[in-house]
Every structure is written in C-alpha cells, then in structure tokens.
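To start, the structure under review is shown below, and the notes come after it.
Only the coordinates and a few stated rules stand behind these numbers; no lab work does. No experiment lies behind these values; they were computed from the predicted model shown. In this analysis, Cβ positions are derived from the backbone assuming ideal geometry, glycine residues included, and neighbour counts consider all displayed protein chains.
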Ligand SMILES: C[S@@+](CC[C@H](N)C(=O)[O-])C[C@H]1O[C@@H](n2cnc3c(N)ncnc32)[C@H](O)[C@@H]1O
C-alpha cells in the first residue's frame with residue numbers, strides 16, 4: 001500500500017456466535033437471492049438489481065440486525081432499499097425480518113460499504129442512513145470513523161441533489177466530529193432550525209437496536225439530518 005492509498009481495513013466483527021438452524025437456512029437460501037454483487041468494473045446497474053430501478057433508492061450503511069431497514073422497507077414499499085452490513089449475524093437478523101414480513105424491496109451488500117459507495121452511479125441515491133456507527137472513542141482510532149473526508153466525497157457524489165443524509169449517534173464527540181466534517185465538506189447543509197430538530201427523532205423514525213439499548217442505559221441520542229446541496 002502506498003502512503004496515499006486509502007486504508008480499507010475493516011475493524012468490526014464479521015461473525016459472532018454460531019447461527020441457529022433457521023438463520024443458517026436463510027443465509028444459505030435467501031441471502032444468495034438478495035445479495036448484491038458488484039460488476040467487474042464500472043457503476044452498479046440498478047436495472048440488474050431491482051425490478052423497477054426508476055423508484056427512489058435508499059441506502060442504510062451498517063444496519064446491524066436490520067430492524068430499522070426492515071421497518072422502513074415495510075413502510076415504503078415503493079422505494080428500493082440497499083442495506084450494507086459485513087457482520088454475518090446482523091445479516092441473518094435482517095433476513096429473518098425480510099422472511100417474516102415478506103419484504104421484496106431490499107437487497108443486501110454483506111461487505112464493507114466503502115467497496116459499494118464508489119460503485120454507485122452519480123446522484124443515484126435519494127436517502128442514506130448512517131445510524132449509530134461505531135464511535136471509535138480513542139483518539140488514535142478516530143481515523144477508523146465512517147464519517148471521513150473520503151467517505152463523504154463518495155456520499156456527496158452518490159446522493160442526488162436535495163437527497164438526505166441521516167446520521168444518529170449517542171456519542172457526543174462523534175456528533176461534534178460529524179458536524180465538523182460534514183459542514184466543513186461543503187456539499188451538505190444541515191436542515192436543523194432549532195434544537196428540537198436534532199434532539200428529537202424525525203417523524204417516522206424507527207429506533208435501532210443500538211439506540212434502544214443506549215437510551216435504556218440512560219444515554220441520549222442526537223439526530224443529524226443533512227441535505228445534499230444542489
Ligand atoms: C454500533 S453498530 C450499529 C448497528 C445499527 N445501525 C444499530 O443502530 O443498531 C455499527 C454497525 O456498523 C457496521 N459497520 C462498521 N463499519 C462498516 C462498514 N465499513 N461498512 C458497513 N457496515 C459497517 C458494523 O458491523 C456494525 O453492525
């Protein structure tokens with residue numbers, strides 16, 4: 001790797017406890033039908049992925065066990081969804097939701113989102129969720145945070161003008177970091193007009209598993225909604 005090369009090492013977990021039989025069955029049989037594979041070169045052809053590629057595209061990065069993604073897909077059947085999560089047990093959680101709810105509008109990229117983002121066509125994404133990304137609290141680990149100049153460049157390129165970038169965290173240092181990075185980037189504006197706009201979840205919000213745990217433990221969350229500038 002040269003000094004300028006991007007560091008794409010993945011620091012999270014890829015696998016947890018052994019999967020139960022039903023989860024393993026879904027991973028073996030349902031995941032191959034929903035898995036998004038990248039073409040050898042060039043941008044991802046959404047026409048090869050979704051029956052109707054003209055529908056809006058919403059992307060969730062690091063969906064955990066998928067409860068937020070599944071609820072959004074259920075509430076918005078006219079939207080195409082891509083969920084990105086390298087943690088197999090999390091993917092299995094989403095597969096259970098998809099199976100139980102009969103969802104047809106989700107595709108899964110079970111790898112690092114930094115591989116997918118550069119392959120999305122310009123202005124192809126309408127809404128991007130990054131909810132409770134790993135906070136990497138130690139200063140020497142800050143460079144692992146998903147909110148980085150490189151990733152923001154890709155998000156800015158892939159989001160359509162006017163598109164939404166929604167971020168949530170219970171980690172106040174990561175909140176400050178994100179405001180600094182995103183507003184300093186120049187391609188995004190922060191839609192908040194008053195404190196309640198970032199203290200309260202937006203309408204239609206679905207609490208993720210991580211959020212439920214954080215709030216139950218007495219933590220507080222912030223919700224940052226950015227818009228891709230025209
Ligand atoms: C703290 S968890 C939050 C999960 C979920 N969003 C929630 O709120 O319950 C962060 C998740 O991001 C995933 N993640 C970390 N880096 C990622 C990357 N580069 N691409 C995709 N997912 C990633 C992790 O595997 C993990 O599931």
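With a 10 Å radius around each residue's Cβ, average the other Cβ atoms per peptide and rank 112-123, 157-168, 63-74, highest first. Write out the running numbers ahead of the final one.
Details: 112-123: 17.3, 157-168: 19.9, 63-74: 22.9.
In decreasing order of mean packing, 112-123, 157-168, 63-74 become 63-74, 157-168, 112-123.
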Ranked 141, 185, criterion: other C-beta atoms within 10 Å, fewest first: 141, 185
Cβ-derived FRET efficiency at R0 45 Å, residue 194 paired with residue 40, nearest 0.05: 0.40
Sequence-separation-based contact order of the stretch 54-228, relative, with Cα cut under 8 Å and 6+ spacing, percent: 22
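Sort 198, 205, 22 so that the residue with the fewest other Cβ atoms within 10 Å of its own Cβ comes first and the one with the most comes last.
22, 205, 198
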Linear extension gain, residue 115 paired with residue 15, 0.36 nm per residue minus alpha-carbon span: 34.1 nm
Whole-Å distance, taken between Cα centres, linking the stretch 3-76 and the stretch 82-131: 3
Antiparallel content of DSSP bridges confined to the stretch 54-228, in %, to 5: 30
Inter-label distance, nm, simple model (7 Å from Cα along the C-beta direction), residue 122/residue 99: 4.2
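I'd like the per residue volume of the convex hull spanned by the Cα atoms of the stretch 169-219, given in cubic angstrom.
Details: hull volume 5.2 nm³, N = 51.
Dividing the Cα hull volume of the stretch 169-219 by its residue count gives 102 Å³.
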Stretch gain in nm, segment residue 140-residue 181, where the contour uses 0.36 nm per residue and the Cα spacing is subtracted: 13.0 nm
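Once the Cβ-Cβ distance between residue 24 and residue 78 is put in as r, and R0 is 22 Å, what FRET efficiency do you end up with, to the nearest 0.05? Let's see the in-between values first.
Working: r = 32 Å, r/R0 = 1.47.
About 0.10, to the nearest 0.05.
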Computed label-point distance, nm, for sites residue 54 and residue 227 using a 7 Å Cα→Cβ extension: 2.6
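Can you tell me the equivalent ellipsoid semi-axes for the stretch 54-228? Use √(5λ) from the Cα gyration tensor, largest first, whole Å. Write down the numbers at each step before the final one.
On the way: eigenvalues 103, 76, 55 Å².
After scaling each eigenvalue by five and taking roots: 23, 19, 17 Å.
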